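The values are calculated or read from the model by the stated rules, or taken from the named source; none is laboratory data. Since the structure is predicted, the reported quantities are computational estimates derived from the model, not experimental observations. A quick note on method: Cβ atoms are made from the backbone with ideal geometry, for glycine too, and the neighbour counts reach across all protein chains shown.
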């Protein structure tokens, strides 16, 4: 589904990603851990094409197509959906946007995400942390992407909201189907790993200073980080040297 | 904007400015150039050509500043309407009026008077449009709102690139009267200059909303004046303005001349391309114990918001138009739902059509 090869990304002349390699197969969910400023969000931005990030080197290949130079909306149309960590407030009724994204069967998700009272409101205006996250997932549900990019979907969100959004994310990832039949993939950025109690990830990667330094089973990797801190990740036994 | 000149097309064009025969309406008035094309009487309102009203009534005086255009109206008035709602009558369906400037180079000179007797209520939709290539529209409109009456007046303009527009209006609000004035101008015009003035007695309320989209070298100079002369009088002047390769001067003056008067002015502007927005808000207080405030913010299309919409698979042009649409979308307090919808429709048809 997604292949990232030796990706180097700059912001204002400063290298943020320093050669990232990552491969996500059809139906796979990967988690990315890492300290603040390690380049996790930049990686997602580079995949969807959000400025001001500039790809200096390397390739982003989605469904066999190199997408490095495609504009944002074309990448989205190809099937990439990003749930923003800090979405902006916009003078535009949520309903109008959802109509534009325009896929069917959305009403069911509006209900599941408890957004009935929000679609007539301006996007994110006066929304609480949990409401914003629910609004992001609702828009993703409207897009029905093949690759979900979830940037800290659980940050600033209470238990009840985590439960609500996880349930919908799992649906979007076709968790009701058998593993072999699942076609939807995801990258989840998480600080706490908390969301992984609700969404099963196949693999976790640790990103430090613009590089993926370790990849392994999510629970083990997380346990290792909690016990030994990020600085010891390099020595962790899951480090397969891919970085 | 190209405008079809056949009759069917004309009705559609008139619908854009709120003159919609398919809608339930109390009464209507339509003038083309200097000629009254339609006057439909209502059960609950009195409506007649201004000429007749001058003979029948002792009409109130114009309270705004006198200038060459008011002089022009007094000397060369061609037509206009007089509308009066009897005491205590609540008119549920709107009165629709429209002025069409049809002949190239024509100077359209009008005088309108609206009187609401005590505790009367009326919603008006007033459309103005031009199919003429160039021309002039000069007018005086007077509103006289007696005690406890309530008028909403929604004016939708659709001029042409070479049309010059000088409406002059004044409103007198007796005790407890309410005046909600909405001005929507979304298509280009060479020049629009409009500054209605409202004089408010005790506990009267005047709200002015302007939704303006100036493009293609248009030059708009618009605003409102509210004189809070009675104790507890209140006024709001609120505008949303987009200047795209065009110039807009947005003025406002609220005078607090009596105790417990309250006034607020708010202007949000968006500049696109070589646009200019100049806001001139003025507050004047001549007694103590009044509350007057203003806020203004001018920005551009926010890149972050644009990217956000594009990340949903919406291309750049469409994302821009969505943001413009959203920016102009103001829910006007105290205006019946169907009129808020008419404004939304005007925005969809006129502001969005050419993006």
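What to note about this one:
- Residue match in the stretch B:92-105 (condition: surrounded by 15 or more Cβ atoms within 10 Å (Cβ to Cβ), over 28 Å from residue B:344 (Cα atoms) and touching a helix residue (DSSP H, G or I) at 6+ places or on another chain (Cβ under 7 Å)): no
- Failed condition for residue A:99, given (1) assigned to a loop (DSSP other than H, G, I, E, B); (2) within 14 Å of another protein chain (Cβ to nearest Cβ); (3) surrounded by fewer than 21 Cβ atoms within 10 Å (Cβ to Cβ): (1)
- Criterion: assigned to a helix (DSSP H, G or I) and more than 15 Å from the chain's Cα centre (by Cα) - qualifying residue of A:167, A:133: A:167
- Evaluating residue A:200 against the criteria (1) within 22 Å of residue A:87 (Cβ to Cβ); (2) surrounded by fewer than 20 Cβ atoms within 10 Å (Cβ to Cβ); (3) under 16 Å from the mean Cα position of the chain (by Cα) leaves one unmet condition, (1).
- The stretch B:1-106 holds helices (runs of 4 or more DSSP H) entirely within its bounds, and those carrying 2 or more residues that are closer than 28 Å to residue B:218 by Cβ map to B:7-16, B:68-76.
- Of the numbered criteria (1) at pLDDT below 95; (2) on the phi < 0 side of the Ramachandran plot; (3) in contact with a strand residue (DSSP E or B) (Cβ under 6 Å, 6 or more places away or on another chain); (4) buried (at least 19 other Cβ atoms within 10 Å of the Cβ), the one residue B:70 fails is (1).
- Sole residue being in contact with a strand residue (DSSP E or B) (Cβ under 9 Å, 6 or more places away or on another chain), in contact (Cβ under 8 Å) with a residue 40 or more places away in the chain and part of a helix (DSSP H, G or I), chosen from A:199, A:212, A:140, A:187: A:140
- Test: residue in the stretch A:1-13 that is closer than 29 Å to residue B:301 by Cβ and in a loop (DSSP other than H, G, I, E, B): yes
- Enumeration of residues in the stretch A:45-76 that are more than 13 Å from chain B (Cβ to nearest Cβ), over 13 Å from residue A:4 (Cβ atoms) and within 18 Å of the chain's Cα centre (by Cα): A:63
- Selection count, the stretch A:164-197, where residues are under 15 Å from residue A:136 (Cα atoms) and loosely packed, with under 14 Cβ neighbours inside 10 Å: 0
- All of B:166, B:213, B:150, B:144 fail the test of being touching a helix residue (DSSP H, G or I) at 6+ places or on another chain (Cβ under 7 Å) and over 18 Å from residue B:351 (Cα atoms), apart from B:166.
Here is a yes/no grid of residues against (1) closer than 30 Å to residue A:53 by Cβ; (2) touching a residue at least 24 places away in the same chain (Cβ under 8 Å); (3) within 21 Å of the chain's Cα centre (by Cα):
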| position | (1), (2), (3) |
| --- | --- |
| B:280 | no, yes, yes |
| B:315 | yes, no, no |
| B:319 | yes, no, no |
| B:329 | no, no, yes |
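- Among the residues here, residue A:191 qualifies as closer than 22 Å to residue A:4 by Cβ and at pLDDT below 90.
- Pick from the stretch A:141-166, criterion closer than 16 Å to residue A:108 by Cα and in contact with a helix residue (DSSP H, G or I) (Cβ under 7 Å, 6 or more places away or on another chain), ranking: nearest to the other protein chains (Cβ to nearest Cβ): A:143
- Tallying residues that are in contact with a helix residue (DSSP H, G or I) (Cβ under 7 Å, 6 or more places away or on another chain), assigned to a helix (DSSP H, G or I) and either within 12 Å of chain B (Cβ to nearest Cβ) or surrounded by fewer than 19 Cβ atoms within 10 Å (Cβ to Cβ) (or both) within the stretch A:107-129 yields 1.
- In the stretch A:78-90, the residue that is farthest from the other protein chains (Cβ to nearest Cβ) out of those that are at negative phi, surrounded by fewer than 21 Cβ atoms within 10 Å (Cβ to Cβ) and in contact with a helix residue (DSSP H, G or I) (Cβ under 9 Å, 6 or more places away or on another chain) is A:85.
- One residue alone among A:91, A:68 is at pLDDT below 95, within 22 Å of residue B:325 (Cα to Cα) and touching a strand residue (DSSP E or B) at 6+ places or on another chain (Cβ under 6 Å), and that residue is A:91.
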